[in-house]
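Here the structure comes first, spelled out in structure tokens, and everything after it is commentary.
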Amino acid sequence: MSAPFRTPATFDVDAIRAEFPILPRQVNGRPLTYLDSAASAQKPTAVIRAMTAAMEGSYANVHRGLHTLANETTDAYEAARESVRRFINADPGEVIFTKGGTESINLVAASLGLELQAGDEIVISELEHHANILPWHFLRERKGVVLRWAPVTDDGAIDVEALKALIGSRTKGVAVTHMSNVTGWRSPAREIADAAHAAGAWVLFDGAQAVVHGEVDVKAIGADFYAFTGHKLYGPTGIGVLYGKAERLAGMPPYQGGGEMIGVVTTDHITYAEPPHRFEAGTPPILEAIGLGAAIEWLNGLDRAAIAAHEDALYRRTLENLKGQNWLRILGDAPGKGAILSFTVEGAHAHDVAQILDRYGVAVRAGTHCAEPLMKRFGVTSSARASFALYNTLDEADRFAESLIKARSFFSR
């Protein structure tokens, strides 16, 4: 198979692949074709070495000791926070480390939810990951908050005009994806933020996918809150980020109580630390933060525009190779979407498709992708998903298409 889609000359995918120790391995006697990066990306040597060095050479708890190891580890942990801050163009004090993007959104919902009343409204969409649905459902169940649902168009995008029409006098917040983990659609973040702010509401973006596939400037898009996770960004699991505008964070009560997040504790009185430490109770994910910082610095050394063009070439090549396969349904083809291909195969369950592809060494995701409202919107119970990353090759895009066509033959006999 071949198609006229090419990687930019400025992007050396072979050099990139050499930095990922896992990629040369084989699966079921075939070369690994890893197309599940939207769920969790593989890790470059720079991340592995940074975490190993922290464990082998200088490890202690952070912020609490006066000895050398504590100071060295604290410096490394806060250097990682600084890397994140620069990466998304936040101001000092606006970057909170969490255990993942899910906890980041839960932090906002739990903290701001304390001041919400029955009848207050949160606008979300049918396109959301469960991590950006369930925390708001908790407020619906426990506080009587009303969820207003923006619909999704046939091409897998939020109907932005319909979303803006939902924002009204009772709207307290708008929480939507910056890039869908199922359809790859990218939201017009600034337009949505401006509509929310015009009504006096805050806006939160789930950036777990968007921050991987393009540059994010939280100031430029007008975000009040921005959540993402480390393990999709070529970093480790167990680490996430919540960006919050300083003025928003200053007025928010803590999400959890414990060490580090306090000012003074007595038997009848407590005071809280300033953000971000107010929201980092207990021992934080120290090694994981260091790993995330290493991932970001590694990614900063690459040409992000060339990466985006390379990923788009992979996606377009795959579409071309699958053209005319009338047994294939692709979920989401909105203009400008990212390199995520969710699909169903006529007469086959997504789990079966994924298992057969695995026989050819091709790793894809199968299920609802934590997006059941979207599955219902598309009239399916599940789908398979191939998600492309900077380390995938055009040969792998071809191999995926060839393997999928072969897999189809198992269901058409």
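Pairs are defined by a Cβ separation below 6 Å, a sequence spacing of at least 6 or placement on different chains, a first member in segment 19-33 that is free of Cβ contacts under 8 Å to residues at least 24 places away in the same chain and closer than 15 Å to I48 by Cβ, and a second member that is assigned to a loop (DSSP other than H, G, I, E, B) and not hydrophobic (A, V, I, L, M, F, W, C); the pairs so defined are I22/Q42. With the structure loaded, tell me whether G214 is surrounded by fewer than 24 Cβ atoms within 10 Å (Cβ to Cβ) and either under 13 Å from V174 (Cβ atoms) or in the same structural domain as G100 (by TED's automatic domain parsing) (or both) or whether it fails that test. The answer is yes for G214. Within segment 145-170, track down each residue that is in contact with a helix residue (DSSP H, G or I) (Cβ under 7 Å, 6 or more places away or on another chain) and either among the hydroxyl-bearing types (S, T, Y) or in a loop (DSSP other than H, G, I, E, B) (or both). Within segment 145-170, V145, P151, I167 meet the criteria. Here A281 does not fit the description of being among the aliphatic types (A, V, I, L, M) and either modelled with pLDDT under 95 or not in a loop (DSSP other than H, G, I, E, B) (or both). Looking at segment 372-380, is at least one residue more than 24 Å from M179 (Cα to Cα), in contact (Cβ under 8 Å) with a residue 40 or more places away in the chain and hydrophobic (A, V, I, L, M, F, W, C)? No, that holds for no residue.
Residues in segment 371-400 that are among the aliphatic types (A, V, I, L, M), crowded, with 24+ Cβ neighbours inside 10 Å and touching a helix residue (DSSP H, G or I) at 6+ places or on another chain (Cβ under 8 Å): 5 in all. Scanning segment 310-337 for residues that are of a type outside the set (S, T, N, Q) and in contact with an Asp or Glu (Cβ under 9 Å, 6 or more places away or on another chain) returns L314, R317, L319, W327, L328, R329, G332, D333, A334, P335, K337. So which residues in segment 272-303 are of a type in the set (S, T, N, Q) and farther than 22 Å from L390 by Cβ, if there are any at all? If the condition is that a residue be of a type in the set (S, T, N, Q) and farther than 22 Å from L390 by Cβ, then T283 is the only one that fits. State whether one or more residues within segment 287-306 are over 22 Å from V62 (Cα atoms) and of a type in the set (K, R). Taking every residue of segment 287-306 in turn, at least one turns out to be over 22 Å from V62 (Cα atoms) and of a type in the set (K, R).
Given the conditions (1) under 22 Å from the mean Cα position of the chain (by Cα); (2) at pLDDT 95 or above; (3) assigned to a loop (DSSP other than H, G, I, E, B), and given that G200 satisfies all but one, which numbered condition is not satisfied? Of the numbered conditions (1) under 22 Å from the mean Cα position of the chain (by Cα); (2) at pLDDT 95 or above; (3) assigned to a loop (DSSP other than H, G, I, E, B), the odd one out for G200 is (1).
The values are calculated or read from the model by the stated rules, or taken from the named source; none is laboratory data. Please read all numbers here as calculations on a predicted model, not as lab measurements. Backbone-built Cβ (ideal geometry, glycine too); neighbour counts: all protein chains shown.
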